[in-house]
(Lines give C-alpha, C1' and ligand atoms only; values in the text may rest on other atoms or scores of the structure.)
Protein backbone atom coordinates (compact mmCIF):
# COMPACT_ATOMS: atom_id res chain seq x y z
CA UNK A 1 0.00 0.00 0.00
CA UNK A 2 1.35 3.41 -0.96
CA UNK A 3 2.17 5.81 1.85
CA UNK A 4 -0.35 8.62 2.10
CA UNK A 5 0.91 12.07 1.16
CA UNK A 6 0.70 14.68 3.90
CA UNK A 7 1.23 18.43 3.98
CA UNK A 8 4.78 19.76 4.16
CA UNK A 9 5.86 20.23 7.78
CA UNK A 10 5.02 23.73 8.96
CA UNK A 11 2.62 24.39 6.07
CA UNK A 12 -0.87 23.95 7.41
CA UNK A 13 -4.33 23.47 5.96
CA UNK A 14 -7.03 25.89 7.10
CA UNK A 15 -10.11 23.72 7.44
CA UNK A 16 -13.72 24.84 6.98
CA UNK A 17 -14.31 24.84 10.74
CA UNK A 18 -11.52 27.41 11.15
CA UNK A 19 -12.16 29.53 8.09
CA UNK A 20 -14.83 31.78 9.60
CA UNK A 21 -12.32 33.32 12.00
CA UNK A 22 -9.94 33.93 9.09
CA UNK A 23 -12.66 35.47 6.94
CA UNK A 24 -13.79 37.67 9.82
CA UNK A 25 -10.27 38.94 10.52
CA UNK A 26 -9.54 39.54 6.83
CA UNK A 27 -12.80 41.44 6.41
CA UNK A 28 -12.15 43.69 9.43
CA UNK A 29 -8.57 44.40 8.32
CA UNK A 30 -9.69 45.39 4.82
CA UNK A 31 -12.52 47.58 6.07
CA UNK A 32 -10.33 49.41 8.59
CA UNK A 33 -7.38 50.18 6.31
CA UNK A 34 -9.65 51.20 3.43
CA UNK A 35 -11.47 53.60 5.77
CA UNK A 36 -8.12 55.39 6.12
CA UNK A 37 -7.67 55.66 2.34
CA UNK A 38 -5.30 52.72 1.79
CA UNK A 39 -5.46 50.84 -1.51
CA UNK A 40 -4.63 47.21 -2.24
CA UNK A 41 -1.52 46.14 -4.12
CA UNK A 42 -1.07 42.48 -5.12
CA UNK A 43 2.48 41.16 -5.22
CA UNK A 44 4.21 38.01 -6.55
CA UNK A 45 4.97 35.11 -4.23
CA UNK A 46 8.41 34.76 -5.85
CA UNK A 47 11.05 37.49 -6.17
CA UNK A 48 14.67 37.59 -7.22
CA UNK A 49 16.82 36.46 -4.31
CA UNK A 50 18.95 39.61 -4.56
CA UNK A 51 15.97 41.72 -3.45
CA UNK A 52 15.90 40.07 -0.04
CA UNK A 53 19.68 39.87 0.32
CA UNK A 54 19.91 43.63 -0.19
CA UNK A 55 16.83 44.67 1.79
CA UNK A 56 16.84 42.27 4.74
CA UNK A 57 20.63 41.82 4.93
CA UNK A 58 23.07 39.05 4.05
CA UNK A 59 23.94 38.31 7.69
CA UNK A 60 20.40 38.00 9.05
CA UNK A 61 18.92 34.65 10.09
CA UNK A 62 16.23 35.05 7.43
CA UNK A 63 18.70 35.24 4.54
CA UNK A 64 21.32 32.90 5.98
CA UNK A 65 19.06 30.10 7.22
CA UNK A 66 15.37 30.52 6.52
CA UNK A 67 14.66 31.48 2.90
CA UNK A 68 13.27 29.02 0.36
CA UNK A 69 15.68 29.75 -2.50
CA UNK A 70 16.06 27.86 -5.79
CA UNK A 71 17.29 28.28 -9.35
CA UNK A 72 14.73 28.35 -12.13
CA UNK A 73 15.28 26.84 -15.57
CA UNK A 74 17.13 29.94 -16.71
CA UNK A 75 19.58 29.65 -13.83
CA UNK A 76 18.17 32.71 -12.00
CA UNK A 77 18.15 32.57 -8.21
CA UNK A 78 14.58 33.04 -6.97
CA UNK A 79 13.09 33.05 -3.47
CA UNK A 80 9.64 32.51 -2.01
CA UNK A 81 8.96 35.80 -0.26
CA UNK A 82 9.85 35.69 3.48
CA UNK A 83 8.16 39.08 4.10
CA UNK A 84 6.17 41.65 2.13
CA UNK A 85 7.81 45.06 2.51
CA UNK A 86 10.71 44.45 0.12
CA UNK A 87 8.39 43.28 -2.67
CA UNK A 88 6.08 46.25 -2.11
CA UNK A 89 9.00 48.69 -2.36
CA UNK A 90 10.29 46.90 -5.46
CA UNK A 91 6.89 47.16 -7.14
CA UNK A 92 6.52 50.85 -6.29
CA UNK A 93 9.98 51.62 -7.66
CA UNK A 94 9.49 49.52 -10.79
CA UNK A 95 6.16 51.13 -11.68
CA UNK A 96 7.03 54.73 -10.81
CA UNK A 97 4.71 55.07 -7.82
CA UNK A 98 7.14 56.91 -5.55
CA UNK A 99 8.47 59.94 -7.44
CA UNK A 100 6.88 63.05 -5.91
CA UNK A 101 3.90 60.96 -4.82
CA UNK A 102 2.26 59.86 -1.60
CA UNK A 103 1.16 56.23 -1.49
CA UNK A 104 -0.96 54.37 1.07
CA UNK A 105 -0.98 50.65 0.25
CA UNK A 106 -1.94 47.29 1.75
CA UNK A 107 -1.43 43.67 0.76
CA UNK A 108 -2.01 40.23 2.22
CA UNK A 109 -0.99 36.66 1.61
CA UNK A 110 1.39 33.83 2.48
CA UNK A 111 5.07 34.24 3.36
CA UNK A 112 7.67 31.46 3.67
CA UNK A 113 10.51 30.84 6.11
CA UNK A 114 12.21 27.54 6.90
CA UNK A 115 11.97 27.82 10.67
CA UNK A 116 11.35 25.25 13.38
CA UNK A 117 7.54 25.00 13.43
CA UNK A 118 5.84 25.89 16.70
CA UNK A 119 2.57 27.48 17.74
CA UNK A 120 2.29 30.86 16.03
CA UNK A 121 5.42 30.32 13.91
CA UNK A 122 5.11 28.24 10.75
CA UNK A 123 7.03 27.73 7.52
CA UNK A 124 4.13 29.07 5.51
CA UNK A 125 2.52 31.91 7.41
CA UNK A 126 0.25 34.77 6.43
CA UNK A 127 0.70 38.50 6.85
CA UNK A 128 -1.48 41.52 6.31
CA UNK A 129 0.89 44.39 5.48
CA UNK A 130 0.28 48.13 5.35
CA UNK A 131 2.83 50.56 3.86
CA UNK A 132 2.94 54.33 3.36
CA UNK A 133 5.42 56.32 1.26
CA UNK A 134 6.26 59.99 0.90
CA UNK A 135 5.32 61.31 4.38
CA UNK A 136 8.10 62.31 6.72
CA UNK A 137 6.53 63.80 9.86
CA UNK A 138 5.08 62.08 12.94
CA UNK A 139 1.49 62.38 11.72
CA UNK A 140 1.70 59.29 9.52
CA UNK A 141 3.40 57.35 12.32
CA UNK A 142 0.50 58.25 14.59
CA UNK A 143 -2.15 57.53 11.96
CA UNK A 144 -0.86 54.03 11.26
CA UNK A 145 -0.57 53.18 14.95
CA UNK A 146 -4.10 54.51 15.51
CA UNK A 147 -5.24 52.42 12.56
CA UNK A 148 -3.78 49.29 14.11
CA UNK A 149 -5.47 50.17 17.42
CA UNK A 150 -8.79 50.46 15.58
CA UNK A 151 -8.33 46.95 14.22
CA UNK A 152 -8.20 45.55 17.76
CA UNK A 153 -11.27 47.60 18.68
CA UNK A 154 -13.21 46.27 15.69
CA UNK A 155 -12.23 42.72 16.57
CA UNK A 156 -13.14 43.18 20.22
CA UNK A 157 -9.62 42.42 21.47
CA UNK A 158 -8.45 43.98 24.72
CA UNK A 159 -5.47 41.72 25.47
CA UNK A 160 -2.90 43.53 23.32
CA UNK A 161 -0.56 46.28 24.51
CA UNK A 162 1.50 48.77 22.54
CA UNK A 163 5.26 49.12 22.90
CA UNK A 164 7.13 52.04 21.32
CA UNK A 165 10.70 53.09 20.76
CA UNK A 166 12.77 55.37 18.57
CA UNK A 167 15.89 54.12 16.78
CA UNK A 168 17.02 57.59 15.74
CA UNK A 169 18.87 58.21 12.50
CA UNK A 170 21.41 55.73 11.11
CA UNK A 171 24.18 58.14 12.07
CA UNK A 172 23.01 58.32 15.69
CA UNK A 173 22.54 54.56 15.78
CA UNK A 174 26.10 54.04 14.57
CA UNK A 175 27.34 55.71 17.74
CA UNK A 176 25.10 53.49 19.82
CA UNK A 177 26.35 50.42 17.98
CA UNK A 178 29.94 51.22 18.95
CA UNK A 179 28.97 51.57 22.64
CA UNK A 180 26.86 48.39 22.55
CA UNK A 181 29.58 46.28 20.92
CA UNK A 182 32.13 47.57 23.44
CA UNK A 183 29.80 46.61 26.31
CA UNK A 184 29.09 43.16 24.88
CA UNK A 185 32.76 42.41 24.25
CA UNK A 186 33.50 43.18 27.90
CA UNK A 187 30.89 40.55 28.83
CA UNK A 188 31.53 38.11 25.98
CA UNK A 189 31.68 35.13 28.35
CA UNK A 190 28.01 35.68 29.24
CA UNK A 191 26.83 35.73 25.61
CA UNK A 192 25.21 32.68 24.06
CA UNK A 193 26.42 31.31 20.72
CA UNK A 194 23.80 33.15 18.68
CA UNK A 195 24.64 36.51 20.30
CA UNK A 196 28.38 36.03 19.77
CA UNK A 197 27.68 35.39 16.10
CA UNK A 198 25.65 38.59 15.86
CA UNK A 199 28.20 40.71 17.70
CA UNK A 200 30.08 41.73 14.55
CA UNK A 201 27.29 41.44 11.98
CA UNK A 202 24.11 42.72 13.66
CA UNK A 203 24.66 43.60 17.33
CA UNK A 204 21.30 45.34 17.85
CA UNK A 205 19.56 42.00 17.36
CA UNK A 206 21.25 40.74 20.53
CA UNK A 207 18.80 42.96 22.43
CA UNK A 208 15.98 40.77 21.04
CA UNK A 209 17.39 37.65 22.69
CA UNK A 210 14.84 35.62 24.66
CA UNK A 211 17.57 33.71 26.53
CA UNK A 212 16.69 34.07 30.24
CA UNK A 213 20.36 33.59 31.20
CA UNK A 214 21.17 36.90 29.47
CA UNK A 215 18.35 38.93 31.01
CA UNK A 216 20.52 40.76 33.58
CA UNK A 217 23.25 41.41 31.02
CA UNK A 218 20.81 42.98 28.57
CA UNK A 219 19.09 45.01 31.27
CA UNK A 220 22.40 46.72 32.09
CA UNK A 221 23.37 47.38 28.45
CA UNK A 222 23.58 50.96 27.12
CA UNK A 223 20.27 52.49 26.08
CA UNK A 224 19.66 53.59 22.51
CA UNK A 225 17.59 56.51 23.79
CA UNK A 226 20.77 58.02 25.26
CA UNK A 227 22.22 58.32 21.76
CA UNK A 228 19.24 59.84 19.92
CA UNK A 229 19.77 62.92 17.79
CA UNK A 230 17.69 66.04 18.55
CA UNK A 231 15.42 65.68 15.49
CA UNK A 232 14.57 62.09 16.36
CA UNK A 233 13.81 63.05 19.96
CA UNK A 234 11.45 65.79 18.75
CA UNK A 235 9.81 63.41 16.28
CA UNK A 236 9.23 60.83 19.02
CA UNK A 237 7.83 63.39 21.48
CA UNK A 238 5.42 64.62 18.81
CA UNK A 239 4.29 61.06 18.08
CA UNK A 240 3.69 60.36 21.78
CA UNK A 241 1.72 63.61 22.10
CA UNK A 242 -0.57 62.53 19.26
CA UNK A 243 -1.14 59.12 20.81
CA UNK A 244 -1.83 60.75 24.17
CA UNK A 245 -4.39 63.06 22.56
CA UNK A 246 -6.09 60.02 20.99
CA UNK A 247 -6.19 58.15 24.29
CA UNK A 248 -3.96 55.29 23.09
CA UNK A 249 -2.03 53.65 25.93
CA UNK A 250 1.57 52.62 25.29
CA UNK A 251 4.83 51.76 27.00
CA UNK A 252 8.19 53.06 25.82
CA UNK A 253 10.47 50.04 25.50
CA UNK A 254 14.09 51.11 24.94
CA UNK A 255 15.02 47.49 24.09
CA UNK A 256 12.65 47.35 21.13
CA UNK A 257 14.82 47.35 18.01
CA UNK A 258 14.87 46.55 14.34
CA UNK A 259 18.38 45.41 13.54
CA UNK A 260 18.40 46.60 9.92
CA UNK A 261 20.21 49.74 8.80
CA UNK A 262 17.32 51.20 6.81
CA UNK A 263 15.04 51.48 9.86
CA UNK A 264 14.92 54.93 11.44
CA UNK A 265 13.08 56.63 14.26
CA UNK A 266 9.75 55.04 15.22
CA UNK A 267 9.35 51.30 15.80
CA UNK A 268 6.41 49.65 17.53
CA UNK A 269 4.90 46.31 18.45
CA UNK A 270 1.51 45.14 19.68
CA UNK A 271 2.07 42.21 22.05
CA UNK A 272 -0.02 39.80 24.07
CA UNK A 273 0.72 37.39 26.92
CA UNK A 274 -1.95 34.91 25.78
CA UNK A 275 0.06 33.17 23.04
CA UNK A 276 3.16 32.05 24.91
CA UNK A 277 6.53 32.78 23.34
CA UNK A 278 5.05 34.10 20.09
CA UNK A 279 3.47 37.16 21.68
CA UNK A 280 3.98 39.76 18.93
CA UNK A 281 0.76 40.12 16.94
CA UNK A 282 1.68 43.22 14.92
CA UNK A 283 4.96 45.06 14.39
CA UNK A 284 6.24 47.88 12.27
CA UNK A 285 8.04 51.16 12.05
CA UNK A 286 9.65 53.80 9.91
CA UNK A 287 12.10 52.64 7.22
CA UNK A 288 13.14 55.84 5.51
CA UNK A 289 16.33 54.30 4.10
CA UNK A 290 14.98 51.27 2.26
CA UNK A 291 14.10 52.84 -1.11
CA UNK A 292 17.53 54.44 -1.34
CA UNK A 293 19.08 51.17 -0.12
CA UNK A 294 17.52 49.44 -3.13
CA UNK A 295 18.80 52.03 -5.60
CA UNK A 296 16.10 54.70 -5.64
CA UNK A 297 15.92 58.27 -4.41
CA UNK A 298 15.39 58.73 -0.65
CA UNK A 299 11.70 58.31 0.22
CA UNK A 300 10.27 58.43 3.76
CA UNK A 301 8.25 55.30 4.52
CA UNK A 302 6.35 53.68 7.36
CA UNK A 303 4.69 50.29 7.57
CA UNK A 304 3.53 47.42 9.71
CA UNK A 305 2.50 43.79 9.32
CA UNK A 306 -0.07 41.72 11.20
CA UNK A 307 0.68 38.04 11.78
CA UNK A 308 -2.56 36.40 10.72
CA UNK A 309 -2.02 33.01 12.41
CA UNK A 310 -1.30 34.73 15.71
CA UNK A 311 -4.22 37.12 15.41
CA UNK A 312 -6.65 34.31 14.58
CA UNK A 313 -5.25 32.23 17.45
CA UNK A 314 -5.77 35.19 19.79
CA UNK A 315 -9.38 35.55 18.66
CA UNK A 316 -10.00 31.86 19.25
CA UNK A 317 -8.23 32.03 22.62
CA UNK A 318 -10.49 34.87 23.74
CA UNK A 319 -13.62 33.20 22.35
CA UNK A 320 -14.16 35.75 19.57
CA UNK A 321 -13.40 33.47 16.65
CA UNK A 322 -15.70 30.52 17.26
CA UNK A 323 -18.76 31.48 15.25
CA UNK A 324 -19.46 29.57 12.05
CA UNK A 325 -21.21 30.70 8.88
CA UNK A 326 -24.30 28.51 8.65
CA UNK A 327 -26.83 28.69 5.83
CA UNK A 328 -29.92 30.71 6.59
CA UNK A 329 -32.12 28.33 4.64
CA UNK A 330 -31.89 24.63 3.78
CA UNK A 331 -33.96 23.56 0.77
CA UNK A 332 -35.54 20.09 1.05
CA UNK A 333 -36.76 18.63 -2.29
CA UNK A 334 -38.64 15.42 -2.97
CA UNK A 335 -39.50 14.17 -6.45
CA UNK A 336 -38.01 14.90 -9.86
CA UNK A 337 -40.24 17.95 -10.62
CA UNK A 338 -39.39 19.42 -7.20
CA UNK A 339 -35.64 18.95 -7.74
CA UNK A 340 -35.80 20.66 -11.13
CA UNK A 341 -37.84 23.55 -9.72
CA UNK A 342 -35.90 23.67 -6.46
CA UNK A 343 -32.51 24.52 -7.95
CA UNK A 344 -34.06 27.38 -9.91
CA UNK A 345 -36.05 28.55 -6.87
CA UNK A 346 -32.92 28.60 -4.70
CA UNK A 347 -31.11 30.81 -7.22
CA UNK A 348 -34.12 33.12 -7.45
CA UNK A 349 -33.97 33.60 -3.67
CA UNK A 350 -30.22 34.27 -3.68
CA UNK A 351 -30.63 36.86 -6.43
CA UNK A 352 -33.57 38.58 -4.75
CA UNK A 353 -32.21 38.66 -1.17
CA UNK A 354 -28.61 39.99 -0.93
CA UNK A 355 -26.60 38.14 1.70
CA UNK A 356 -29.02 35.19 1.93
CA UNK A 357 -27.29 31.83 2.27
CA UNK A 358 -29.30 28.95 0.78
CA UNK A 359 -28.08 25.36 0.81
CA UNK A 360 -29.87 22.82 -1.38
CA UNK A 361 -29.99 19.11 -0.70
CA UNK A 362 -28.52 17.96 -4.01
CA UNK A 363 -28.11 14.26 -3.30
CA UNK A 364 -31.74 13.24 -2.77
CA UNK A 365 -32.87 10.98 0.03
CA UNK A 366 -36.07 10.70 2.03
CA UNK A 367 -37.69 13.65 3.78
CA UNK A 368 -36.40 12.28 7.08
CA UNK A 369 -32.77 12.04 5.93
CA UNK A 370 -32.92 15.48 4.29
CA UNK A 371 -34.25 17.03 7.48
CA UNK A 372 -31.37 15.44 9.40
CA UNK A 373 -28.97 17.12 6.99
CA UNK A 374 -30.85 20.39 7.36
CA UNK A 375 -30.50 20.19 11.13
CA UNK A 376 -26.79 19.39 10.94
CA UNK A 377 -26.21 22.31 8.55
CA UNK A 378 -27.13 24.80 11.28
CA UNK A 379 -29.78 26.44 9.09
CA UNK A 380 -32.59 28.23 10.88
CA UNK A 381 -35.27 27.45 8.31
CA UNK A 382 -36.11 24.54 6.05
CA UNK A 383 -38.00 25.25 2.85
CA UNK A 384 -39.78 22.17 1.58
CA UNK A 385 -40.75 21.44 -2.02
CA UNK A 386 -42.65 18.30 -2.95
CA UNK A 387 -44.87 17.41 -5.86
CA UNK A 388 -47.84 19.29 -4.37
CA UNK A 389 -45.85 22.47 -3.68
CA UNK A 390 -44.21 22.36 -7.09
CA UNK A 391 -47.51 22.06 -8.89
CA UNK A 392 -49.19 24.76 -6.79
CA UNK A 393 -46.12 27.10 -6.77
CA UNK A 394 -46.11 27.13 -2.96
CA UNK A 395 -43.41 26.31 -0.42
CA UNK A 396 -43.52 24.99 3.16
CA UNK A 397 -41.41 27.03 5.60
CA UNK A 398 -40.44 25.04 8.71
CA UNK A 399 -38.42 26.72 11.54
CA UNK A 400 -35.58 24.47 12.72
CA UNK A 401 -34.41 26.36 15.81
CA UNK A 402 -37.72 27.32 17.40
CA UNK A 403 -41.09 25.84 18.27
CA UNK A 404 -42.97 28.02 15.79
CA UNK A 405 -45.44 26.27 13.52
CA UNK A 406 -44.57 25.64 9.90
CA UNK A 407 -46.49 27.62 7.32
CA UNK A 408 -47.27 27.46 3.63
CA UNK A 409 -46.89 30.50 1.36
CA UNK A 410 -46.67 31.24 -2.36
CA UNK A 411 -43.17 30.88 -3.76
CA UNK A 412 -43.33 34.40 -5.19
CA UNK A 413 -43.75 35.84 -1.67
CA UNK A 414 -40.87 33.95 -0.06
CA UNK A 415 -38.13 36.36 -1.15
CA UNK A 416 -39.89 39.34 0.42
CA UNK A 417 -40.54 37.34 3.59
CA UNK A 418 -36.88 36.32 3.93
CA UNK A 419 -35.74 39.86 3.14
CA UNK A 420 -37.83 41.08 6.04
CA UNK A 421 -36.35 38.48 8.38
CA UNK A 422 -32.82 39.51 7.39
CA UNK A 423 -33.24 43.28 7.62
CA UNK A 424 -36.39 44.00 9.61
CA UNK A 425 -37.73 43.26 13.04
CA UNK A 426 -37.05 39.57 12.67
CA UNK A 427 -33.35 40.00 11.86
CA UNK A 428 -32.41 38.56 15.23
CA UNK A 429 -33.90 35.26 14.14
CA UNK A 430 -31.70 35.05 11.03
CA UNK A 431 -28.26 36.56 11.83
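The values are calculated or read from the model by the stated rules, or taken from the named source; none is laboratory data. A quick note: this is a predicted structure, and the numbers were derived from the prediction, not measured. Note: ideal-geometry Cβ built from the backbone for every residue, glycine included; neighbour counts use all protein chains shown.
Of all residues in segment 238-262, count the ones that are under 22 Å from the mean Cα position of the chain (by Cα) and under 25 Å from residue 83 (Cβ atoms). Of the residues in segment 238-262, 4 are under 22 Å from the mean Cα position of the chain (by Cα) and under 25 Å from residue 83 (Cβ atoms). Go through segment 93-124 and report how many residues are modelled with pLDDT under 95, surrounded by 17 or more Cβ atoms within 10 Å (Cβ to Cβ) and outside any loop (DSSP other than H, G, I, E, B). Looking only at that region, the number is 0. Might you check whether a residue that is within 30 Å of residue 149 (Cβ to Cβ), assigned to a helix (DSSP H, G or I) and within 16 Å of the chain's Cα centre (by Cα) occurs anywhere in segment 3-18? Taking every residue of segment 3-18 in turn, at least one turns out to be within 30 Å of residue 149 (Cβ to Cβ), assigned to a helix (DSSP H, G or I) and within 16 Å of the chain's Cα centre (by Cα). Residue check: is residue 42 on the phi < 0 side of the Ramachandran plot, more than 15 Å from the chain's Cα centre (by Cα) and at pLDDT 95 or above? Against the criterion (on the phi < 0 side of the Ramachandran plot, more than 15 Å from the chain's Cα centre (by Cα) and at pLDDT 95 or above), residue 42 does not qualify. Looking only at residues of segment 149-174 that are in contact with a helix residue (DSSP H, G or I) (Cβ under 6 Å, 6 or more places away or on another chain), modelled with pLDDT of 90 or more and not in a loop (DSSP other than H, G, I, E, B), we find that the one that is farthest from residue 247 (Cα to Cα) is 166. When you check residue 135 against the structure, is it touching a strand residue (DSSP E or B) at 6+ places or on another chain (Cβ under 8 Å), within 27 Å of residue 24 (Cα to Cα) and in contact (Cβ under 8 Å) with a residue 40 or more places away in the chain, yes or no? No, not satisfied.
Filtering 356, 349 for residues that are more than 22 Å from residue 388 (Cβ to Cβ), in contact with a strand residue (DSSP E or B) (Cβ under 9 Å, 6 or more places away or on another chain) and surrounded by 17 or more Cβ atoms within 10 Å (Cβ to Cβ) leaves a single hit, 356. Checking each residue in segment 180-198 for being farther than 21 Å from residue 165 by Cβ, within 34 Å of the chain's Cα centre (by Cα) and assigned to a helix (DSSP H, G or I) picks out 193, 194, 196, 197. Residue 380 meets all of the listed conditions (1) free of Cβ contacts under 8 Å to residues at least 60 places away in the same chain; (2) in contact with a helix residue (DSSP H, G or I) (Cβ under 8 Å, 6 or more places away or on another chain); (3) within 16 Å of residue 345 (Cβ to Cβ) but one, namely (3).
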